[in-house]
Amino acid sequence: MANVVVKNLGETIISSNQVTRQIQVQEDSFVSLQFLIKVRTLDSFISNSSNPKYKIPINQLYLSDGENEFQMLPNAEILLLSLSGLQFWGYTKNYNCIIKNIGVLPPGTYSTRLQFQTQTALFTYNTVYNLSFVIPTTQEVSCVTNPVNIKLTPENVFETNLNISNVTSPQVLIKSNDNFIR
């Protein structure tokens, strides 16, 4: 057997400028004189299934094994493993799928397809993995009110029933990554 299994590991990590999804690439056992594992994207974009007009170019996706970082490009293969000589063993390696320079993303489920290909001297196997992550809706409401500036003087310090006007109006700030605030 030379078919790769790809598993999600842990939760998706979303920061202000990137999304990270850890995966594990595993091939249980093989006997071969030559063995290759390659990966390529099947899509040009990482698309939002909730609203397809929101897309991230695939060249913002990187695959990192902790030592090497590979930029994913449309229709370009990346060689993850190349062995020659008689091999009797399995392969397991963790990778981080990192989407960089994202800015503010509208909420929704984003996904793209990665094709992992294993090649031996006799066979070629393809496994398609759906890389996906969810950007939750974020909404913030905050108030800004400038303090009232009261001037105390010896003449007004003991006055009662004094009305002081606020020269600035209170402000309500609403921030959201969703175009439609509910």
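Bear in mind that the values in this text are calculations on the coordinates, not laboratory data. Note that the coordinates shown come from a computational prediction; the quantities given were computed from them, not determined experimentally. Cβ placement follows ideal geometry from the backbone for every residue including glycine, while neighbour counts extend to all protein chains displayed.
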Would you mind listing how long the range 1-124 runs along its three principal axes, going by Cα atoms, in whole Å with the largest first? 49, 25, 22
Using a Förster distance of 30 angstrom, determine the FRET efficiency expected from the C-beta separation of A121 and F70, and round it to 0.05. 0.75
For labels at I174 and N8 in the simple 7 Å Cα→Cβ model, what's the distance in nm? 3.1
Any aspartates and glutamates whose Cα falls less than 20 Å from that of K151, other than same-chain ones fewer than 8 residues away, would be E159
Excluding L131 itself, what net charge comes from residues whose Cβ is under 15 Å from its Cβ, given Lys and Arg +1 and Asp and Glu -1? +4
Ranked from fewest to most other Cβ atoms within 10 Å of their own Cβ, K38, K93 fall in the order K93, K38
Sort T109, T41, T153 so that the residue with the fewest other Cβ atoms within 10 Å of its own Cβ comes first and the one with the most comes last. T153, T109, T41
Express in nm, to one decimal, how much length is gained between V157 and N59 on full extension, taking 0.36 nm for each residue of separation and deducting their alpha carbon distance. 28.6 nm
Running a GNM on the chain with Cα contacts under 10 Å, which residue among E159, E27, E67 ends up with the highest mean-square fluctuation? E159
Could you list, in their original order, any pairs among K7/K38; K53/K100; K7/K175; K53/K93 whose Cα atoms are separated by more than 26 Å? K7/K175; K53/K93
Most exposed to least, judged by fewest other Cβ atoms within 10 Å, I102, I135 sort to I102, I135
Rounding to the nearest 20 debye, state how big the charge dipole of the range 9-162 is about its Cα centre with +1 on each Lys and Arg Cβ and -1 on each Asp and Glu Cβ. 440
Most fluctuating residue of F123, F35, F133 in a GNM of the chain with Cα springs under 10 Å: which is it? F123
Compactness ratio of the range 31-76: Cα Rg over 2.2 N^0.38 Å, N = residue count? 1.52
Rel. contact order, % - alpha carbon contacts under 8 angstrom, at least six apart, the range 5-135: 34
Under 12 Å from the Cα of K55 - aspartates and glutamates, other chains or at least 8 residues apart: D43
In nm, the gap between the two label points placed 7 Å beyond Cα toward Cβ at E77 and T137 is 4.4
Which of V104, V144, V25 fluctuates most in a GNM of the chain (C-alpha springs under 10 Å)? That residue is V144
Within the set of other residues whose C-beta is less than 12 Å from the C-beta of E77, count the net charge using Lys and Arg as +1 and Asp and Glu as -1. +2
